[in-house]
Amino acid sequence: MQDAVRGWRRAGLRVGLVPTMGALHEGHLRLVDKVRGSCDVVVMSIYVNPAQFGPGEDFSRYPRPFSKDRALAEERGVDALFHPRQLYEADDSTRVVESELSRDRCGADRPGHFEGVTTVVAKLFHIVSPDVAVFGQKDAQQCDVIERMVRDLQFPVKIVRAPIVRDGRGVALSSRNAYLSDDEYERAVEFAAVLREGAQRPLSVAAATTRRRLEGLAGVEVDYVTLAGRTLCAAVRIGRTRLIDNRKMVRRASR
Ligand code: AMP
């Protein structure tokens, strides 16, 4: 991968990176579209990063349909797929830690998760040395943490955020949606609808009202509902599946 990047750089080409864990859906593929406009070469990484999964999470059962992913990526015009078998030494002892923005929300529920994310993204940036890297607003806190890491560690890369892609019923696309039974998918539709309505409420009551409404849904366990700036963020568990989503607040704060 590094040899290929050196060649592209010598030829004066701009490199864009789309980091993913595979099990590609339209949300991932829009990231490709987004980065292609400003780059000559689009690299997609597919790597299920063990360091960002906690004990008892879904690392081993995470879907890995590589042949299908490769076909989808090719079809969408990805120029190079980076699909490493392993990015960690058996005795590695170095991590990249962001210690402020990664504390609340998913950081509180998933200890060590963002440390795994920043570490793998730093590795990918070193290997691919992209001019531009794109991340989805679906993982809003991940975007915040990566932007901070890039700023604090002077990574020479421009971070672009892409909007959330949803299905026809409003559910944010996610590789983990594949875990949902039909009945659980209906709960996911309700989760998305409650969050959308919550974002239309006054800022001062949005999080509390949304939490109450989500807690009232059968089959939905709330991990968190909170405002991050003007974004209403939530994580819930539906059966064994943890889903996250967020919506920009619609109204201005009342005076
Ligand atoms: P993942 O494979 O889940 O690690 O996601 C790889 C990238 O795709 C991350 O930057 C995600 O934020 C982004 N992504 C995942 N789902 C969506 C979606 N529904 N809309 C936009 N971006 C997404």
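The values are calculated or read from the model by the stated rules, or taken from the named source; none is laboratory data. None of these values were measured; they are calculated from a predicted model. Positions of Cβ are generated from backbone atoms using ideal geometry, with glycine treated the same way; all protein chains shown enter the neighbour counts. For accessibility, only protein heavy atoms count, side chains too; no ligands or nucleic acids. Shrake-Rupley method; radii C 1.70, N 1.55, O 1.52, S 1.80 Å.
Quick notes
- Overall dimensions of the range 149-190 as given by Cα atoms, namely Rg and Dmax in Å: 16.3, 46
- Helix 66-75 and the longest principal axis of the Cα set of the chain meet at an angle near 80°.
- Fully extending the segment from residue 87 to residue 109 would add 5.4 nm, taking 0.36 nm per residue of separation and subtracting the current Cα-Cα distance.
- For the range 214-227, Karplus couplings with θ = phi - 60° (6.51, -1.76, 1.60), whole Hz, Gly/Pro x: 5, 5, x, 8, 5, x, 10, 9, 8, 8, 7, 9, 7, 8
- The chain: calculated mean residue ellipticity at 222 nm from DSSP helix runs of at least 4, using -39500 (n - 2.57): -11000 deg cm²/dmol
- For the chain, the solvent-accessible area of protein heavy atoms averages 50 Å² per residue (probe radius 1.4 Å; ligands and nucleic acids excluded).
- Spin-label pair residue 153/residue 58, simplified geometry with 7 Å Cα→Cβ offset, distance in nm: 2.7
- Full-extension gain in nm, residue 11 to residue 208, via 0.36 nm per residue minus C-alpha separation: 65.5 nm
- Helix axis angle, 113-128 relative to the chain longest principal axis, alpha carbon, degrees: 30
- Extension gain for the segment residue 250 to residue 99, taken as residue separation times 0.36 nm less the Cα-Cα distance, is 51.4 nm to one decimal.
- Here's the picture: charge each Lys and Arg Cβ at +1 and each Asp and Glu Cβ at -1 in the range 1-141, and of 27, 72, 108 the one pushed furthest to the positive end of that dipole is 72.
- In sequence order, the range 164-169 has phi-based couplings of 6, 9, 10, 7, x, 9 Hz under the Karplus curve 6.51 cos²θ - 1.76 cosθ + 1.60, θ = phi - 60°, and Gly or Pro positions carry x.
- For residue 158, nonlocal amide neighbours, meaning residues 5 or more places apart or on other chains whose placed amide H falls under 5 Å from its own, are 132, 133.
- Proximal charge balance of residue 231 [Cβ under 9 Å; K/R count +1, D/E count -1]: +3
- Surface composition of the chain: carbon and sulfur make up 48 percent of the accessible area, probe 1.4 Å.
- Relative packing of peptides 106-115, 129-138 - highest average C-beta neighbours within 10 Å first: 129-138, 106-115
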